[in-house]
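Student: What follows is a single structure, and I will ask about it in a moment.
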Amino acid sequence: MTAALVTAAPHLPAMAKDVLDLVRLGEARLRQLPQVPTRTAHLFHGGIYSRTIRIPAGAILTGALIKIATTLSISGDVTIFTGGDDIHLQGYHLIPASAGRKQAFRAHADTYLTMSFKTDALTVEQAESEFTDEGHLLLSRAQTEDDIVVVTGE
């Protein structure tokens, strides 16, 4: 069997500055609305950090600017703003996601997002600082009382 390099579809590409500015503008407007409580589940296992959130049906969420390539697992029904054609996903999807993106998500049904990447981080704060310089925007920094942190030590 021969392995080949293929481009997976869908893929979340890096975003141009003007598209990032559009997401930031929308983010500023969304902050003026009532915020949905969000719990983040963090898992450190085998040199991989994964963080999972649930976006409730009807909610819109913007993420921090991601500065490294990650893998994004999505389960639910969601539209993702990419700056090009929006991506509407239903069911379960495993997506390569490039560095240099700041996504906006609209959940049509309860949707779970898990972002994963290889790391040497030992704490949530270290991992968050590795993937973004916008840690102050993360819900896991503002709403920590219900967060779950699992470190397996493997």
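Student: Say R0 is 35 Å: what FRET efficiency, to the nearest 0.05, do VAL149 and ARG24 get from their beta-carbon distance? Don't jump to the answer; show the numbers that get you there.
Tutor: Numbers: r = 29 Å, r/R0 = 0.82.
Efficiency computed from Cβ-Cβ geometry: 0.75.
Student: Another one. Considering Cα pairs under 8 angstrom that are at least six residues apart, work out the relative contact order of the chain and quote it in whole percent.
Tutor: On the way: 310 pairs, mean separation 51.5, N = 154.
After rounding, I find 33 percent.
Student: Tally Lys and Arg at +1 and Asp and Glu at -1 over the other residues with C-beta under 14 Å from the C-beta of HIS45: what net charge comes out? Write out the running numbers ahead of the final one.
Tutor: Working: positive: ARG51, LYS118; negative: ASP120, GLU154.
Overall, the nearby charge balance is 0.
Student: Name the residues whose placed amide hydrogens come within less than 5 Å of the amide hydrogen of GLY100, ignoring near sequence neighbours (fewer than 5 apart) on the same chain.
Tutor: Sorted by chain and number, the residues that satisfy this are ILE66, LYS67, ILE68.
Student: Once you place label points 7 Å from the Cα toward the Cβ at ASP110 and GLU125, how far apart are they in nm?
Tutor: Distance between label points: 3.2 nm.
Student: Let me ask something else. If you take the square roots of the eigenvalues of the alpha-carbon gyration tensor of region 17-151 and sort them as a ≥ b ≥ c, do you get rounded (a/c under 1.5), prolate (a/b over b/c) or oblate? Can you show the working numbers first?
Tutor: Details: a/c = 1.33, a/b = 1.32, b/c = 1.01.
Rounded is the answer for region 17-151, as its axis ratio a/c remains below 1.5.
Student: Students often forget the sequence filter, so: which aspartates and glutamates lie under 12 Å Cα-Cα from LYS118 once same-chain residues fewer than 8 apart are removed?
Tutor: List returned: GLU130.
Student: Here's a follow-up. Cross-link candidates for LYS17: which lysines have Cα within less than 26 Å, leaving aside residues fewer than 8 places away along the same chain?
Tutor: Counting by Cα, and skipping residues close in sequence, LYS17 has these lysines nearby: LYS67, LYS102.
Student: To the nearest 0.05, how large is the calculated FRET efficiency for LYS118 and LEU33 if R₀ is 25 Å and r is the Cβ-Cβ distance?
Tutor: Working: r = 35 Å, r/R0 = 1.41.
For R0 = 25 Å, the calculated efficiency reads 0.10.
All of the numbers you see were taken from the coordinates with simple rules; none came from a lab. Please read these numbers as outputs of a predicted model, since none were measured by experiment. Counting neighbours? That spans all protein chains shown, and the Cβs are built from the backbone with ideal geometry, glycine included.
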